[in-house]
Ligand code: GLN
């Protein structure tokens with residue numbers, strides 16, 4: 001069977017499962033299995049594929065048919081132009097988180113600073129800030145020991161181990177340091193809304209990284225409270241929030257002595273992260 005036929009078969013199998021991105025997904029899986037770029041497989045689509053590769057391809061297509069996200073099938077996701085290793089113990093890094101990283105980098109410019117990433121997951125935020133600012137030092141914490149393992153792999157992969165530390169610890173149990181910046185993309189989905197998420201998220205992404213309790217604000221609140229003792233005076237708190245949480249979170253920030261500096265919106269014009277300074 002040639003590459004073209006392989007991709008067509010894969011695409012068909014995904015289409016019957018109503019997967020909108022069936023062509024692209026099949027191409028991505030083929031390029032992963034054949035270990036070459038998507039452009040290469042399109043140019044060389046008449047080449048034959050051996051039996052072993054075909055059966056590996058079919059295995060991965062079957063996983064996608066069950067709505068497993070491509071990023072978990074491939075164990076990787078691009079974030080801030082870097083190829084992060086991920087697995088089911090970590091959230092798949094999202095574009096709105098990149099927008100928060102962008103805001104932080106512009107806000108802090110090239111200053112030397114220390115920072116803490118609460119709920120670091122794959123370390124996508126930690127590694128992106130570290131690589132963008134070579135004068136920075138960062139700590140990542142996560143309550144999931146499995147996520148910390150993934151974070152460690154990424155930190156080593158990007159050779160950032162000399163300017164970072166990782167701890168398998170909750171924020172409550174984290175003392176002894178003060179930072180110029182605390183950043184977090186905490187779980188912020190209301191528990192009751194988890195069941196309404198699309199299948200690929202609901203069945204595959206870690207609940208621990210998604211579920212923000214009754215009103216979705218449990219962890220956001222904890223991060224805001226606790227950061228009063230982890231941030232230096234005039235330190236920056238950057239927090240990602242869910243859709244519709246902007247008013248409540250801004251009110252809490254102001255009440256607790258933070259001054260809001262920047263609201264960052266997503267492509268749909270919703271405020272999805274807030275940068276504020278502790279006074
Ligand atoms: N910091 C990671 C991310 O932004 C994980 C966040 C989380 O698990 N809630 O993708």
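What follows is calculated from the coordinates using simple rules that are stated; it is not laboratory data. This one's a predicted model, so the numbers in the text were calculated from it and none came from an experiment. We place every Cβ from the backbone using ideal geometry, glycine too, and count neighbours over all the protein chains shown.
Against the longest principal axis of the chain, how steep is helix 3-15, in degrees 0 to 90 to the nearest 10, with axes from Cα atoms?
Once rounded, the angle reads 60 degrees.
So what are the radius of gyration and Dmax for the Cα set of region 182-279, in Å?
13.8, 43
Take the alpha carbon atoms of region 150-171, find their center, do the same for region 106-145, and report the distance between the two centers in whole angstrom.
10 Å
Using the Kirkwood radius over Cα pairs, work out the Stokes-Einstein diffusion coefficient for region 1-41 at 10 °C and 1.306 mPa s, in µm²/s as a whole number.
Value of D from the Cα-based Kirkwood radius: 159 µm²/s.
Is region 162-208 best put as rounded, prolate or oblate by its Cα gyration tensor, with a ≥ b ≥ c the root eigenvalues, rounded for a/c under 1.5, and otherwise prolate when a/b is larger than b/c, oblate when not?
prolate
Rounded, prolate or oblate: which fits region 75-219 when a ≥ b ≥ c are the square roots of the eigenvalues of the alpha-carbon gyration tensor, with rounded for a/c under 1.5 and prolate only if a/b beats b/c?
prolate
If I fit a long axis through the Cα atoms of helix 51-65 and take the longest principal axis of the Cα atoms of the chain, what angle between them do I get, 0 to 90°, rounded to 10?
Roughly 50 degrees, rounded to the nearest 10.
Would you calculate the convex hull of the Cα atoms in region 7-83 and tell me its volume per residue in Å³? Could you put the intermediate results ahead of the total?
Details: hull volume 7.1 nm³, N = 77.
Expressed per residue, the convex hull around the Cα atoms of region 7-83 is 92 Å³.
For region 134-228, treating each Cα as an identical point scatterer without solvent, what Debye log10 I(q)/I(0) comes out at q = 0.12, 0.15, 0.18 1/Å?
-0.47, -0.71, -0.96
For the chain, what is the convex hull volume of its Cα atoms per residue in Å³?
Cα convex hull per residue, to the nearest whole number: 133 Å³.
Take region 55-95, drop everything but the C-alpha atoms, weight them equally and run the Debye formula without solvent; then report log10 I(q)/I(0) at 0.14 Å⁻¹ to two decimals.
-0.33
Which angle between 0 and 90 degrees, to the nearest 10, do you get for helix 246-255 versus the longest principal axis of the chain when only C-alpha atoms count?
Result, in degrees: 30.
Between residue 109 and residue 42, what is the label-point separation in nm under the 7 Å Cα-to-beta-carbon projection?
So the two model labels end up 4.2 nm from each other.
At 222 nm, what value in deg cm²/dmol follows for the chain if DSSP H runs of at least 4 each add -39500 (n - 2.57) and the sum is divided by all its residues, to the nearest 500?
-12500 deg cm²/dmol
Quick one: pull the percentage of alpha-carbon pairs in region 67-144 with a separation above 18 Å.
For region 67-144, the share of Cα pairs beyond 18 Å comes to 41 percent.
Could you state, as a whole-number percent, how many of the C-alpha pairs of region 10-162 are farther apart than 21 Å? Write out the running numbers ahead of the final one.
Values: 6193 of 11628 pairs.
So the pairs more than 21 Å apart make up 53 percent of the total in region 10-162.
Could you sort the peptides 19-29, 199-209 by per-residue average Cβ neighbour count (10 Å cutoff), highest mean leading?
The most tightly packed comes first, giving 19-29, 199-209.
For region 209-272 and region 60-79, write down the distance between their C-alpha centroids in whole Å.
31 Å
As a test, work out the antiparallel percent of DSSP beta bridges whose residues both lie in the chain, rounded to the nearest 5.
Percentage antiparallel, nearest 5: 45.
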